[in-house]
Amino acid sequence: MLSVIESKISKLQQEFSNNGASDFTFDHSENNSAFSVDWNVNEVVLFAGDNLTSLKKLVMIEPGIVDLCYIDPPYNTGSNFIYSDNRKSPEIGLLGSHQAWIIFMLPRLVLAHELLKETGVLAISIDDYEFPYLKVLLDRIFGEKNFIGNIVVCRSKNGKGSKKNLASSHEYLLVYGKSNKTTLRGESDEDTLYDKEDVYGKYRVDGLFRKKGEGSLKTDRPSMAFPLYANLDTGEVSVDYRDGWAKILPKDSKGVDRRWLWGEATTRERVWQLYSSKNGVIYVKNYAGKEIGQKRRKIRTIWDDPSFYTERATNELTKIFGQKIFDTPKPIEFVKKIVDSMSDDKAVVLDFFAGSATTAHAIYELNKQNGSHRKCILMESLDDISSNHLAYSMGYKQMVDITISRLQYLKNEDRNFNFTVF
Ligand SMILES: C[S@@+](CC[C@H](N)C(=O)[O-])C[C@H]1O[C@@H](n2cnc3c(N)ncnc32)[C@H](O)[C@@H]1O
């Protein structure tokens, strides 16, 4: 299997590079037994070092263990961040100056693909600069048919001021499935307003009782086109005639005779679930779930929530570390939404550009709040922090020291939280 991965990487490198394939091999002689992880004890496992090496090791020990891989790679902005963010090549060829970044990401993404279960999901934060190049690379690695979608995430209210003509206030979350077996869990529907209440609980009316689409004509199921009677003041509905109530037939807005969703016997039994608008349109009541987080709906593709703004993440870090010691953290609530809506309660989540360990913090909070049992694998580099950076003066000498410090903070908050570092 390892040789298949080696040749896949080499083939893709030839496609994406003017210089052909570079050397990518697994070290078959390496003893990886020291890397076995006791998940019963640890909630988080951190691999310190170049993520290419760590990903290779993980593929050799446990391919196909990851349910969700969320990463927030360096966006290649050229900015002077605490970590290196400048991988540019000469502006030639199809990929222009983006080739170096793509070649850096390529083997890491192939290995991430190998680590995912058949039902696994990959979600990547990225901005406009590398987005189109990354999309093409991911289409080649995951297959175009496994592209699930692209979410626009607002990261500030007023936008960044660094561009001349536009104040960019968004970035993206690109989502792929490992195969057609992947299904996203969906976002929690609890926030959506249940604005009505009856003796059965809180509900909202958002689903028509008249059948739509295929097989919806009266002629398709004549026995399901019976009249209903509605009290237009109270919204009550009856299958039997009631004095003074309006008679309603399943006609659509164009006057076409259609049918109801249920037969007469079921409707009689569940008539308490029906609701009539003042205009005599019949809806099925949608009751709020009993357990928090149980009700789900399809994930929407625009996320504009102030708790996802970058300034929120900066405040969170300042609270934890006392100062802004990391340049580009993600907000906890944002990562919680990704994890909660794209993986189930027992998922193994991988973040191989861990930075300040927001992903671990998000999973810790979700586990606490929802009683879930997710596990988290982090990877972060041993790169030196420049001696003139604030973080260095606060005692952080290598990038991974920041990651460990956040994990230690969680441990100090809660002694039941455990992590291990390789
Ligand atoms: C954009 S930051 C991630 C921020 C993170 N999402 C957070 O909330 O703090 C990218 C991180 O990837 C790390 N990184 C870059 N290249 C790496 C490599 N080859 N191996 C491991 N980590 C790397 C950087 O040190 C940096 O911390």
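The values are calculated or read from the model by the stated rules, or taken from the named source; none is laboratory data. Since the model is a prediction, treat every value here as computed from it, not as a measurement. Every residue, glycine as well, gets a Cβ built from its backbone with ideal geometry; the counts of neighbours run over all protein chains shown. The accessibility values were calculated without ligands, DNA or RNA, using every heavy atom of the protein model including side chains. Shrake-Rupley method; radii C 1.70, N 1.55, O 1.52, S 1.80 Å.
Name the most mobile residue of S386, S253, S169, meaning the one with the largest mean-square fluctuation, in a Gaussian network model of the chain with Cα contacts below 10 Å.
Ranking S386, S253, S169 by mean-square fluctuation puts S253 first.
With the Cα gyration tensor of region 165-226 in hand, give its eigenvalues times 5 under a square root as the equivalent ellipsoid semi-axes, listed largest first in whole angstrom.
After scaling each eigenvalue by five and taking roots: 37, 23, 16 Å.
If you count the DSSP beta bridges with both ends in the chain, what percent of them are antiparallel, to the nearest 5?
The answer is about 65 percent antiparallel.
Holding the Cα-Cα limit at 27 Å, pick out from K8/K397; K145/K337; K88/K330; K211/K247; K157/K298 the pairs that are longer than that.
K8/K397
Given a Förster distance of 30 Å, report the FRET efficiency between D139 and E413 from their Cβ-Cβ distance, rounded to the nearest 0.05.
0.15
Could you calculate the contour length gain from E365 to L232, that is, 0.36 nm times the residue separation minus the distance between their Cα atoms, to one decimal place in nm?
43.3 nm
Testing the spin-label approximation: label points 7 Å from Cα along Cα→Cβ at D257 and V281. State their distance in nm.
2.3 nm
With a cap of 16 neighbouring Cβ atoms within 10 Å, and only residues DSSP puts in a loop, list the chymotrypsin sites (Phe, Trp or Tyr not before Pro) found in region 1-63.
Sparse-neighbourhood loop chymotrypsin sites (Phe, Trp or Tyr not before Pro): F26, W39.
How many nm separate the modelled label positions at T77 and R268, each set 7 Å beyond the Cα in the direction of the Cβ?
Here the modelled spin labels are 6.7 nm apart.
Build a GNM of the chain with springs between Cα atoms under 10 Å: which of T53, T183, T234 gets the top mean-square fluctuation?
Taking springs between Cα atoms under 10 Å, the residue moving most is T234.
Counting Lys and Arg as +1 and Asp and Glu as -1, each charge on the Cβ, what is the dipole of the chain about the Cα centre in debye, to the nearest 20?
1420 debye
Could you give the semi-axes, largest first, of the ellipsoid that matches region 333-391, computed as the square roots of 5 times the alpha carbon gyration tensor eigenvalues and rounded to whole Å?
Semi-axes from the Cα gyration tensor: 27, 12, 9 Å.
Ignoring ligands, DNA and RNA, please state the percent of accessible area on region 98-173 from carbon and sulfur, probe 1.4 Å.
Whole-percent figure for carbon plus sulfur exposure: 54.
Per residue, how much accessible area does the chain show when a 1.4 Å probe rolls over the protein heavy atoms, in square angstrom?
50 Å²
Could you please state how large a percent of the accessible area of region 196-287 is carbon and sulfur, counting protein chains only and using a 1.4 Å probe?
Ligands and nucleic acids excluded, carbon and sulfur reach 48 percent.
Beta carbons within 10 angstrom, averaged per residue: use that to sort the peptides 341-354, 74-87, 358-371, highest first. Before the final figure, lay out the partial values.
Values: 341-354: 22.3, 74-87: 16.0, 358-371: 20.7.
Packing order, densest peptide first, comes out as 341-354, 358-371, 74-87.
I need the shape label for region 1-115. Rule: rounded when a/c is under 1.5, else prolate if a/b > b/c, else oblate, with a, b, c from the alpha carbon gyration tensor.
Judged from the Cα gyration tensor, region 1-115 comes out oblate (a/c at least 1.5, b/c at or above a/b).
GNM, the chain, Cα, under 10 Å: largest mean-square fluctuation among L12, L407, L228?
Of the options given, L228 has the highest mean-square fluctuation.
With a cut-off of at most 12 other beta carbons within 10 Å, and DSSP calling the residue loop, which chymotrypsin sites (Phe, Trp or Tyr not before Pro) in region 166-241 qualify? Please list them.
Hits after loop and neighbour filter: Y200, Y241.
Tell me, how many Å apart are the Cα centres for region 121-151 and for region 353-388?
Their Cα centres are 23 Å away from one another.
Would you pull out the residues with amide H under 5 Å of I299's amide H, same chain only if 5 or more places away, H placed 1.01 Å from N?
E187
Going by average Cβ density within 10 Å per residue, which order do the peptides 210-222, 133-145 take, highest to lowest? Please report the intermediate quantities before stating the final value.
Values: 210-222: 13.4, 133-145: 17.5.
Order by mean packing, descending: 133-145, 210-222.
For a quick size check, give me the Cα extents of region 196-287 along its three principal axes, largest first, whole Å.
36, 28, 26
Given bins 10 angstrom wide, list per bin the percent of all Cα-Cα distances in region 292-422, short to long.
12, 41, 34, 11, 2
So, counting K/R as plus one and D/E as minus one, what does the shell of residues with Cβ under 13 Å around M60 add up to? Before the final figure, lay out each step's value.
Working: positive: K56, K57; negative: E6, D27, E30, E62, E114.
Summing Lys/Arg as +1 and Asp/Glu as -1 gives -3.
Quick one, can you get me the convex hull of the C-alpha atoms of region 49-174 expressed as volume per residue in Å³?
Expressed per residue, the convex hull around the Cα atoms of region 49-174 is 132 Å³.
Order the following by accessible area, largest value first: E197, E118. Probe radius 1.4 Å; ligands, DNA and RNA are ignored.
On the way: E197 125, E118 90 Å².
Descending order: E197, E118.
Tell me the accessible surface of V199 in square angstrom (1.4 angstrom probe, heavy atoms of protein chains only), to the nearest ten.
Approximately 140 Å² for this residue.
Using the per-residue mean of other Cβ atoms lying within 10 Å as a proxy for protection, in what order, highest first, do the peptides 265-271, 281-287 fall? Intermediate values should be presented prior to the final figure.
Working: 265-271: 13.1, 281-287: 18.9.
Ranked from most to least packed, the peptides come out as 281-287, 265-271.
From the backbone phi of region 79-94, what are the Karplus-calculated ³J(HN,Hα) couplings (6.51 cos²θ - 1.76 cosθ + 1.60, θ = phi - 60°) in whole Hz, Gly and Pro given as x?
Once θ is set to phi - 60°, the couplings for region 79-94 become 6, 8, 7, 5, 10, 5, 9, 9, 10, 10, 10, x, 7, 10, x, 4 Hz.
Among I404, P331, S3, which residue has its Cα furthest toward the positive end of the charge dipole of the chain, with +1 on Lys/Arg Cβ and -1 on Asp/Glu Cβ?
Ranked along the dipole, the leading option is P331.
Around R374, with a cut-off of 10 angstrom between Cβ atoms, what is the net charge of the other residues, counting Lys and Arg +1 and Asp and Glu -1? Before the final figure, lay out each step's value.
On the way: positive: K346, K375; negative: E43, D67, D340, D344, D345.
Spelling it out: positives minus negatives among the neighbours equals -3.
Within region 357-422, what whole-number % of the accessible surface is contributed by carbon and sulfur, with the 1.4 Å probe and all protein chains included in the calculation?
Values: 1320 of 3040 Å².
Within region 357-422, the accessible surface is 43 percent carbon and sulfur.
Can you tell me the length gained on complete extension of the stretch K397 to S168, counting 0.36 nm per residue apart and subtracting the Cα distance?
Full-extension gain reported as 79.1 nm.
Express the relative contact order of the chain as a whole percentage, based on alpha carbon pairs under 8 Å and six or more residues apart in sequence.
Once divided by the residue count of the chain, the mean separation gives 20 percent.
If one puts a single equal scatterer on every Cα of the chain and applies the Debye formula without solvent, what log₁₀ I(q)/I(0) results at q = 0.09, 0.13 Å⁻¹?
The calculated log intensity ratios at q = 0.09, 0.13 Å⁻¹ are -0.68, -1.11.
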